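Novice: Handing you this structure, nothing more for now.
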Amino acid sequence: MKLWVSTQNRDKLKEIRRIFRENGFKAELFSTLDLPKNINILENGKTLEHNATKKAKALFKYVKDWTIADDTGLEVYSLGMRPGVFSSRYSGGGYRENRHKLLRELEGKKDRRARFKTVVALISPEGKIDVFTGIVEGVILTEERGESGFGYDSIFMPSGFAKTFGEMGKVEKDLVSHRGRALRKLIEYLRGVAQFG
């Protein structure tokens with residue numbers, strides 16, 4: 001069976017494919033990048049769920065098949081849960097600029113608690129929408145550590161660990177990450193559907 005992923009972020013797509021493989025999920029994964037035309041989606045929702053659903057609907061309109069999309073936010077408690085839905089475009093630049101802006105905003109703050117939250121929206125061929133959420137708590141360090149992963153991984157240390165996502169191996173990260181948690185819920189759901197059994 002085919003499963004379409006509404007994303008043009010190659011780093012995110014690699015991670016999703018890897019998590020599916022690690023969990024023995026055998027559907028063929030395709031993405032927005034496999035379409036002959038670009039789909040421009042304005043991520044202007046006020047919540048992660050809104051953005052994930054919007055991205056899934058945009059691709060579903062073209063493929064009319066099983067479609068997923070996720071939206072992920074880093075929520076920092078002392079910043080009023082910012083950057084949240086603006087995480088990927090927080091600085092107006094790339095990954096490094098986003099991390100540096102966040103570290104600047106946290107300078108001098110004692111409370112560095114944060115959490116990653118991923119919301120995955122699934123649309124069935126009949127148009128039914130389901131949503132799955134994964135959350136991991138942790139803290140933002142004062143400097144970058146590790147070169148693995150992407151986004152904010154090198155400054156986020158999950159609770160119960162002495163290393164950042166950026167210092168973890170891929171499999172180790174997938175077992176505890178927000179995206180891993182959300183996708184395992186999705187996979188469990190899909191296994192209850194006959195053609196994915």
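Any read-out appearing in this document is the output of simple, stated calculations on the displayed coordinates, not a laboratory observation. This one's a predicted model, so the numbers in the text were calculated from it and none came from an experiment. Quick reminder, even Gly has a Cβ in these numbers, built from the backbone with ideal geometry, and neighbours come from all protein chains shown.
Novice: For GLU75, what charge total do you get from the other residues with a beta carbon under 9 Å from its beta carbon, if Lys and Arg give +1 and Asp and Glu give -1?
Specialist: Local net charge: +3.
Novice: Could you give the size of the charge dipole of the chain about its Cα centre, using +1 on the Cβ of each K and R and -1 on the Cβ of each D and E, expressed in debye and rounded to the nearest 20?
Specialist: The dipole magnitude comes to about 220 debye.
Novice: When the helices in the chain are scored as -39500 (n - 2.57) per DSSP H run of 4 or longer and the sum is shared across all residues, what 222 nm value do you end up with, to the nearest 500 deg cm²/dmol?
Specialist: When only DSSP H runs of four or more count, the value is -9500 deg cm²/dmol.
Novice: Please check which bits of the stretch 33-52 a label hung off GLN8 would reach, taking the label as a point 7 Å along Cα-to-C-beta and the cut-off as backbone N under 15 Å.
Specialist: Of the residues in the stretch 33-52, 33-44 have backbone N under 15 Å from the label point off GLN8.
Novice: In addition: Which value in nm describes the separation of the simple spin-label points at LEU103 and THR47, placed 7 Å from the Cα toward the beta carbon?
Specialist: Each label point lies 7 Å from its Cα, and together they span 3.4 nm.
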